[in-house]
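The values are calculated or read from the model by the stated rules, or taken from the named source; none is laboratory data. This is a predicted model, so every value here is computed, not measured. Ideal geometry is used to build each Cβ from the backbone, glycine not excepted, and the neighbour counts take in all protein chains shown.
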Amino acid sequence: RLTPPPAAAPASKAAKVDGFVVRCSEVTEALRQAHELPSVVRDMLCEMLPFSVKTYHEERHEYQRGIVETVDKELVCMEDGFVRAIGEAEDRLGQMGPEKERLEAAVEELRNKLEARQAATHERKHALAADAVVFRAAKESLAEAKGKLEACEKATAAAKSRPQELERVLREDYAPLKEGTLDQAVVSEAASALGPRLQGFFSLDGSLLTAIPTVLAKEPSSRGTFDFIVIEQLEGEAKKAMDALAGAISEEAQRESQQAAAVHSADEAFKLSREQQRTSAEAFVAVRREEEECEGELQAANKALKAFYPERRKREKAPSQAQASLQDFRDGPLATFRELCGRSAPALASEEAAEGAGEEAGMEGAPAAASEA
(Lines give C-alpha, C1' and ligand atoms only; values in the text may rest on other atoms or scores of the structure.)
Protein backbone atom coordinates (compact mmCIF):
# COMPACT_ATOMS: atom_id res chain seq x y z
CA ARG A 1 0.00 0.00 0.00
CA LEU A 2 1.34 3.39 -0.99
CA THR A 3 1.83 6.07 1.67
CA PRO A 4 1.37 9.71 0.55
CA PRO A 5 4.45 11.85 1.12
CA PRO A 6 4.15 14.34 4.02
CA ALA A 7 4.75 17.43 1.88
CA ALA A 8 2.67 20.04 3.78
CA ALA A 9 4.40 19.75 7.19
CA PRO A 10 7.96 20.66 6.09
CA ALA A 11 6.61 23.71 4.22
CA SER A 12 4.81 24.94 7.36
CA LYS A 13 7.92 24.34 9.49
CA ALA A 14 10.08 26.28 7.02
CA ALA A 15 7.61 29.18 7.11
CA LYS A 16 7.79 29.25 10.93
CA VAL A 17 11.59 29.30 10.88
CA ASP A 18 11.61 32.16 8.40
CA GLY A 19 9.20 34.16 10.56
CA PHE A 20 11.36 33.59 13.63
CA VAL A 21 14.49 34.78 11.82
CA VAL A 22 12.75 37.95 10.66
CA ARG A 23 11.53 38.78 14.16
CA CYS A 24 14.97 38.13 15.68
CA SER A 25 16.53 40.37 13.05
CA GLU A 26 14.10 43.14 13.98
CA VAL A 27 15.25 42.94 17.61
CA THR A 28 18.97 42.67 16.87
CA GLU A 29 18.83 45.61 14.44
CA ALA A 30 17.32 47.73 17.20
CA LEU A 31 19.86 46.41 19.69
CA ARG A 32 22.71 47.53 17.45
CA GLN A 33 21.54 51.12 18.04
CA ALA A 34 22.36 50.82 21.77
CA HIS A 35 25.52 52.90 21.44
CA GLU A 36 26.03 53.07 25.22
CA LEU A 37 27.12 49.43 25.05
CA PRO A 38 30.62 48.55 23.90
CA SER A 39 30.57 47.25 20.35
CA VAL A 40 31.95 43.89 21.47
CA VAL A 41 29.06 43.45 23.92
CA ARG A 42 26.49 44.49 21.30
CA ASP A 43 27.85 42.02 18.78
CA MET A 44 27.86 39.23 21.37
CA LEU A 45 24.25 39.92 22.43
CA CYS A 46 23.04 40.11 18.82
CA GLU A 47 24.76 36.84 18.04
CA MET A 48 23.50 34.97 21.11
CA LEU A 49 19.93 36.34 21.22
CA PRO A 50 18.45 34.09 18.47
CA PHE A 51 19.83 30.97 20.20
CA SER A 52 18.46 32.15 23.55
CA VAL A 53 14.91 33.07 22.53
CA LYS A 54 14.56 30.17 20.12
CA THR A 55 14.42 27.96 23.20
CA TYR A 56 11.06 28.14 25.00
CA HIS A 57 11.21 30.24 28.14
CA GLU A 58 10.62 27.33 30.55
CA GLU A 59 13.39 25.30 28.87
CA ARG A 60 16.14 27.97 28.82
CA HIS A 61 19.26 27.29 30.82
CA GLU A 62 20.90 29.91 33.03
CA TYR A 63 23.18 31.36 30.35
CA GLN A 64 20.26 31.83 27.93
CA ARG A 65 18.16 33.47 30.64
CA GLY A 66 21.08 35.81 31.38
CA ILE A 67 21.25 36.82 27.70
CA VAL A 68 17.50 37.44 27.58
CA GLU A 69 17.54 39.47 30.79
CA THR A 70 20.49 41.56 29.60
CA VAL A 71 18.80 42.29 26.28
CA ASP A 72 15.59 43.13 28.11
CA LYS A 73 17.44 45.63 30.32
CA GLU A 74 19.09 47.26 27.31
CA LEU A 75 15.81 47.52 25.43
CA VAL A 76 14.20 49.08 28.52
CA CYS A 77 17.10 51.54 28.65
CA MET A 78 16.52 52.32 24.99
CA GLU A 79 12.83 52.83 25.73
CA ASP A 80 13.77 55.22 28.54
CA GLY A 81 16.02 57.01 26.07
CA PHE A 82 13.08 57.53 23.71
CA VAL A 83 11.02 58.85 26.64
CA ARG A 84 13.82 61.21 27.63
CA ALA A 85 14.09 62.36 24.02
CA ILE A 86 10.42 63.36 24.12
CA GLY A 87 10.99 65.38 27.30
CA GLU A 88 14.11 66.99 25.89
CA ALA A 89 12.29 67.88 22.67
CA GLU A 90 9.47 69.44 24.68
CA ASP A 91 12.00 71.35 26.81
CA ARG A 92 13.77 72.66 23.71
CA LEU A 93 10.44 73.72 22.28
CA GLY A 94 9.59 75.50 25.53
CA GLN A 95 12.86 77.41 25.30
CA MET A 96 11.91 78.91 21.95
CA GLY A 97 9.64 81.57 23.48
CA PRO A 98 12.32 83.15 25.69
CA GLU A 99 14.86 82.59 22.91
CA LYS A 100 12.78 84.64 20.47
CA GLU A 101 12.46 87.44 23.00
CA ARG A 102 16.20 87.34 23.61
CA LEU A 103 17.03 87.46 19.89
CA GLU A 104 14.59 90.30 19.22
CA ALA A 105 15.96 92.25 22.20
CA ALA A 106 19.51 91.69 20.96
CA VAL A 107 18.61 92.99 17.49
CA GLU A 108 16.90 96.05 18.94
CA GLU A 109 19.80 96.77 21.28
CA LEU A 110 22.34 96.44 18.47
CA ARG A 111 20.21 98.62 16.18
CA ASN A 112 20.19 101.38 18.80
CA LYS A 113 23.89 100.88 19.40
CA LEU A 114 24.59 101.16 15.67
CA GLU A 115 22.60 104.40 15.43
CA ALA A 116 24.70 105.83 18.26
CA ARG A 117 27.90 104.66 16.55
CA GLN A 118 26.79 106.21 13.26
CA ALA A 119 26.06 109.51 15.00
CA ALA A 120 29.49 109.43 16.65
CA THR A 121 31.13 108.66 13.30
CA HIS A 122 29.25 111.54 11.66
CA GLU A 123 30.35 113.90 14.43
CA ARG A 124 33.98 112.77 14.22
CA LYS A 125 33.91 113.09 10.45
CA HIS A 126 32.82 116.74 10.66
CA ALA A 127 35.38 117.41 13.40
CA LEU A 128 38.10 115.90 11.22
CA ALA A 129 37.02 118.04 8.27
CA ALA A 130 37.15 121.18 10.45
CA ASP A 131 40.58 120.23 11.80
CA ALA A 132 41.77 119.60 8.23
CA VAL A 133 40.68 123.12 7.25
CA VAL A 134 42.58 124.58 10.23
CA PHE A 135 45.65 122.51 9.35
CA ARG A 136 45.54 123.62 5.73
CA ALA A 137 45.24 127.28 6.77
CA ALA A 138 48.12 126.89 9.26
CA LYS A 139 50.26 125.28 6.56
CA GLU A 140 49.54 128.14 4.16
CA SER A 141 50.23 130.73 6.89
CA LEU A 142 53.55 129.09 7.68
CA ALA A 143 54.54 129.06 4.01
CA GLU A 144 53.55 132.73 3.71
CA ALA A 145 55.49 133.66 6.87
CA LYS A 146 58.56 131.81 5.60
CA GLY A 147 58.28 133.65 2.28
CA LYS A 148 58.15 137.00 4.07
CA LEU A 149 61.11 136.02 6.25
CA GLU A 150 63.11 135.13 3.16
CA ALA A 151 62.26 138.54 1.68
CA CYS A 152 63.30 140.25 4.95
CA GLU A 153 66.58 138.35 4.96
CA LYS A 154 67.28 139.47 1.41
CA ALA A 155 66.35 143.08 2.32
CA THR A 156 68.65 142.98 5.35
CA ALA A 157 71.49 141.58 3.27
CA ALA A 158 70.89 144.29 0.65
CA ALA A 159 70.80 147.01 3.34
CA LYS A 160 74.08 145.73 4.78
CA SER A 161 75.74 145.83 1.37
CA ARG A 162 74.79 149.50 0.67
CA PRO A 163 77.23 151.12 3.14
CA GLN A 164 79.98 148.91 1.83
CA GLU A 165 79.23 149.94 -1.74
CA LEU A 166 79.14 153.63 -0.76
CA GLU A 167 82.42 153.29 1.08
CA ARG A 168 83.94 151.67 -2.00
CA VAL A 169 82.74 154.54 -4.23
CA LEU A 170 84.11 157.10 -1.80
CA ARG A 171 87.38 155.23 -1.44
CA GLU A 172 87.99 154.26 -5.05
CA ASP A 173 86.30 157.09 -6.97
CA TYR A 174 85.98 160.17 -4.72
CA ALA A 175 89.23 160.01 -2.68
CA PRO A 176 91.59 159.92 -5.70
CA LEU A 177 89.80 162.95 -7.19
CA LYS A 178 89.90 164.82 -3.89
CA GLU A 179 93.57 164.04 -3.25
CA GLY A 180 94.59 164.60 -6.89
CA THR A 181 96.24 161.20 -7.29
CA LEU A 182 94.20 160.23 -10.33
CA ASP A 183 95.75 160.37 -13.78
CA GLN A 184 94.96 163.75 -15.35
CA ALA A 185 93.85 162.07 -18.52
CA VAL A 186 90.81 160.55 -16.80
CA VAL A 187 90.17 163.18 -14.13
CA SER A 188 87.53 165.09 -16.08
CA GLU A 189 85.61 161.95 -17.00
CA ALA A 190 85.84 160.51 -13.46
CA ALA A 191 84.72 163.80 -11.90
CA SER A 192 81.70 163.99 -14.22
CA ALA A 193 80.69 160.37 -13.42
CA LEU A 194 81.01 160.72 -9.63
CA GLY A 195 77.88 162.82 -9.08
CA PRO A 196 75.41 160.43 -10.78
CA ARG A 197 77.10 157.51 -9.03
CA LEU A 198 76.68 159.13 -5.62
CA GLN A 199 73.06 159.89 -6.40
CA GLY A 200 72.49 156.17 -6.26
CA PHE A 201 73.06 156.44 -2.50
CA PHE A 202 71.79 159.91 -1.53
CA SER A 203 70.24 162.99 -3.11
CA LEU A 204 72.31 165.96 -4.36
CA ASP A 205 70.82 169.35 -5.13
CA GLY A 206 71.36 170.79 -8.57
CA SER A 207 74.02 173.35 -7.64
CA LEU A 208 76.11 170.80 -5.77
CA LEU A 209 75.73 168.27 -8.55
CA THR A 210 76.89 170.92 -11.06
CA ALA A 211 79.85 172.05 -8.93
CA ILE A 212 81.29 168.62 -8.13
CA PRO A 213 82.86 167.89 -11.55
CA THR A 214 84.46 171.37 -11.72
CA VAL A 215 85.82 171.32 -8.16
CA LEU A 216 87.22 167.79 -8.24
CA ALA A 217 88.78 168.26 -11.68
CA LYS A 218 91.12 170.90 -10.20
CA GLU A 219 94.44 170.19 -8.61
CA PRO A 220 94.15 170.29 -4.80
CA SER A 221 96.62 173.16 -4.63
CA SER A 222 94.59 175.30 -7.01
CA ARG A 223 91.27 174.94 -5.20
CA GLY A 224 89.77 177.95 -3.46
CA THR A 225 87.43 178.58 -0.57
CA PHE A 226 84.30 177.81 -2.59
CA ASP A 227 85.82 174.56 -3.74
CA PHE A 228 86.49 173.49 -0.17
CA ILE A 229 82.93 174.42 0.78
CA VAL A 230 81.65 172.17 -2.03
CA ILE A 231 83.89 169.31 -0.89
CA GLU A 232 82.86 169.78 2.74
CA GLN A 233 79.18 169.83 1.76
CA LEU A 234 79.64 166.69 -0.34
CA GLU A 235 81.32 164.81 2.48
CA GLY A 236 78.62 165.94 4.89
CA GLU A 237 75.96 164.52 2.58
CA ALA A 238 77.95 161.29 2.32
CA LYS A 239 78.18 161.03 6.11
CA LYS A 240 74.46 161.58 6.48
CA ALA A 241 73.89 158.91 3.84
CA MET A 242 76.11 156.48 5.78
CA ASP A 243 74.12 157.16 8.96
CA ALA A 244 70.85 156.68 7.06
CA LEU A 245 72.09 153.38 5.62
CA ALA A 246 73.09 152.22 9.11
CA GLY A 247 69.58 153.08 10.31
CA ALA A 248 68.11 151.18 7.37
CA ILE A 249 70.16 148.14 8.34
CA SER A 250 68.81 148.34 11.89
CA GLU A 251 65.25 148.66 10.63
CA GLU A 252 65.63 145.72 8.25
CA ALA A 253 67.20 143.62 11.00
CA GLN A 254 64.31 144.47 13.29
CA ARG A 255 61.78 143.54 10.62
CA GLU A 256 63.67 140.31 10.01
CA SER A 257 63.59 139.51 13.73
CA GLN A 258 59.88 140.24 13.92
CA GLN A 259 59.23 138.08 10.88
CA ALA A 260 61.34 135.27 12.35
CA ALA A 261 59.13 135.43 15.45
CA ALA A 262 56.08 135.31 13.19
CA VAL A 263 57.51 132.23 11.47
CA HIS A 264 58.08 130.60 14.86
CA SER A 265 54.50 131.31 15.91
CA ALA A 266 53.17 130.06 12.57
CA ASP A 267 55.29 126.92 12.89
CA GLU A 268 53.94 126.27 16.40
CA ALA A 269 50.39 126.77 15.16
CA PHE A 270 51.13 124.44 12.24
CA LYS A 271 52.48 121.73 14.55
CA LEU A 272 49.49 122.04 16.89
CA SER A 273 47.02 121.86 14.01
CA ARG A 274 48.86 118.88 12.55
CA GLU A 275 48.75 117.06 15.89
CA GLN A 276 45.09 117.94 16.31
CA GLN A 277 44.32 116.62 12.83
CA ARG A 278 46.23 113.40 13.59
CA THR A 279 44.33 112.96 16.87
CA SER A 280 41.04 113.70 15.14
CA ALA A 281 41.85 111.23 12.36
CA GLU A 282 42.68 108.49 14.90
CA ALA A 283 39.42 109.19 16.74
CA PHE A 284 37.48 109.00 13.47
CA VAL A 285 39.14 105.71 12.51
CA ALA A 286 38.36 104.30 15.98
CA VAL A 287 34.65 105.20 15.92
CA ARG A 288 34.37 104.03 12.31
CA ARG A 289 35.89 100.69 13.30
CA GLU A 290 33.41 100.44 16.19
CA GLU A 291 30.59 101.21 13.76
CA GLU A 292 31.77 98.47 11.39
CA GLU A 293 32.03 95.99 14.28
CA CYS A 294 28.52 96.94 15.39
CA GLU A 295 27.26 96.47 11.82
CA GLY A 296 28.76 92.97 11.82
CA GLU A 297 27.17 92.17 15.18
CA LEU A 298 23.79 93.42 13.96
CA GLN A 299 24.06 91.33 10.79
CA ALA A 300 24.87 88.26 12.90
CA ALA A 301 21.94 88.99 15.24
CA ASN A 302 19.54 89.43 12.30
CA LYS A 303 20.84 86.20 10.82
CA ALA A 304 20.26 84.39 14.12
CA LEU A 305 16.73 85.83 14.36
CA LYS A 306 16.04 84.80 10.76
CA ALA A 307 17.28 81.27 11.49
CA PHE A 308 15.07 81.12 14.59
CA TYR A 309 11.83 80.47 12.68
CA PRO A 310 12.99 77.36 10.77
CA GLU A 311 14.49 76.08 14.04
CA ARG A 312 11.20 76.68 15.84
CA ARG A 313 9.27 74.77 13.16
CA LYS A 314 11.78 71.98 13.48
CA ARG A 315 11.43 71.90 17.26
CA GLU A 316 7.63 71.99 16.99
CA LYS A 317 7.78 68.74 15.03
CA ALA A 318 10.40 67.12 17.28
CA PRO A 319 8.11 66.02 20.19
CA SER A 320 5.62 64.27 17.90
CA GLN A 321 8.48 62.71 15.95
CA ALA A 322 10.07 61.50 19.19
CA GLN A 323 6.68 60.15 20.35
CA ALA A 324 6.27 58.34 17.03
CA SER A 325 9.77 56.88 17.37
CA LEU A 326 8.92 55.65 20.88
CA GLN A 327 5.67 54.10 19.67
CA ASP A 328 7.43 52.45 16.73
CA PHE A 329 10.01 51.04 19.13
CA ARG A 330 7.35 49.74 21.51
CA ASP A 331 5.15 48.29 18.76
CA GLY A 332 8.13 46.92 16.87
CA PRO A 333 11.37 45.61 18.43
CA LEU A 334 10.22 45.76 22.07
CA ALA A 335 6.88 43.99 21.44
CA THR A 336 8.58 41.44 19.20
CA PHE A 337 11.22 40.77 21.86
CA ARG A 338 8.58 40.31 24.56
CA GLU A 339 6.68 37.93 22.30
CA LEU A 340 9.82 35.92 21.58
CA CYS A 341 10.72 35.83 25.27
CA GLY A 342 7.26 34.54 26.26
CA ARG A 343 7.18 31.62 23.84
CA SER A 344 6.12 28.37 25.58
CA ALA A 345 6.44 24.76 24.48
CA PRO A 346 3.32 23.63 22.51
CA ALA A 347 2.46 20.68 24.82
CA LEU A 348 2.85 22.70 27.97
CA ALA A 349 0.85 25.47 26.45
CA SER A 350 -2.02 22.98 25.72
CA GLU A 351 -1.94 21.65 29.29
CA GLU A 352 -1.97 25.15 30.72
CA ALA A 353 -4.91 25.99 28.44
CA ALA A 354 -6.80 22.83 29.56
CA GLU A 355 -6.12 23.54 33.22
CA GLY A 356 -7.38 27.05 32.72
CA ALA A 357 -10.59 25.76 31.10
CA GLY A 358 -11.14 23.26 33.95
CA GLU A 359 -10.76 25.91 36.58
CA GLU A 360 -13.27 28.09 34.79
CA ALA A 361 -15.77 25.17 34.57
CA GLY A 362 -15.34 24.43 38.28
CA MET A 363 -16.02 27.99 39.17
CA GLU A 364 -19.17 27.97 37.03
CA GLY A 365 -20.46 24.67 38.59
CA ALA A 366 -19.95 25.74 42.19
CA PRO A 367 -22.89 28.15 42.30
CA ALA A 368 -25.22 25.54 40.69
CA ALA A 369 -24.37 22.92 43.33
CA ALA A 370 -24.90 25.41 46.08
CA SER A 371 -28.38 26.27 44.79
CA GLU A 372 -29.42 22.57 44.58
CA ALA A 373 -28.30 21.99 48.13
For residues that are part of a loop (DSSP other than H, G, I, E, B) and at pLDDT 85 or above, scanning just the range 3-33, find the one that is surrounded by the fewest Cβ atoms within 10 Å (Cβ to Cβ). Q33
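Residue-wise test of (1) outside the structural domain of S25 (by TED's automatic domain parsing); (2) among the aliphatic types (A, V, I, L, M); (3) part of a helix (DSSP H, G or I); (4) within 52 Å of the chain's Cα centre (by Cα).
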{"position": "M44", "(1), (2), (3), (4)": "no, yes, yes, no"}
{"position": "M48", "(1), (2), (3), (4)": "no, yes, yes, no"}
{"position": "R65", "(1), (2), (3), (4)": "no, no, yes, no"}
{"position": "V71", "(1), (2), (3), (4)": "no, yes, yes, no"}
{"position": "E79", "(1), (2), (3), (4)": "no, no, yes, yes"}
{"position": "A89", "(1), (2), (3), (4)": "no, yes, yes, yes"}
Please verify whether the range 157-178 includes one or more residues that are under 30 Å from F270 (Cα atoms) and assigned by TED's automatic domain parsing to the domain that holds A248. yes
The listed residue being out of contact with any helix residue (DSSP H, G or I) (no Cβ under 7 Å at 6 or more places or on another chain), in a helix (DSSP H, G or I), surrounded by 13 or more Cβ atoms within 10 Å (Cβ to Cβ) and free of Cβ contacts under 8 Å to residues at least 40 places away in the same chain, out of E101, E109: E109
Only one of A238, A246, A269 is under 13 Å from P163 (Cβ atoms) and either of a type in the set (K, R) or buried (at least 17 other Cβ atoms within 10 Å of the Cβ) (or both); which? A238
Would you say S257 is hydroxyl-bearing (S, T, Y) and within 24 Å of H126 (Cα to Cα)? no
With in contact (Cβ under 8 Å) with a residue 24 or more places away in the chain and over 20 Å from E29 (Cα atoms) as the only criterion, which of L114, L75 stands out? L114
Considering the range 171-197 alone, what residues qualify as being over 11 Å from L216 (Cβ atoms) and either of a type outside the set (A, V, I, L, M) or in contact with a Leu (Cβ under 8 Å, 6 or more places away or on another chain) (or both)? R171, E172, T181, D183, Q184, E189, P196, R197
Among the numbered criteria (1) modelled with pLDDT under 90; (2) among the basic types (K, R); (3) under 30 Å from M96 (Cβ atoms), which single criterion is violated by R343? (3)
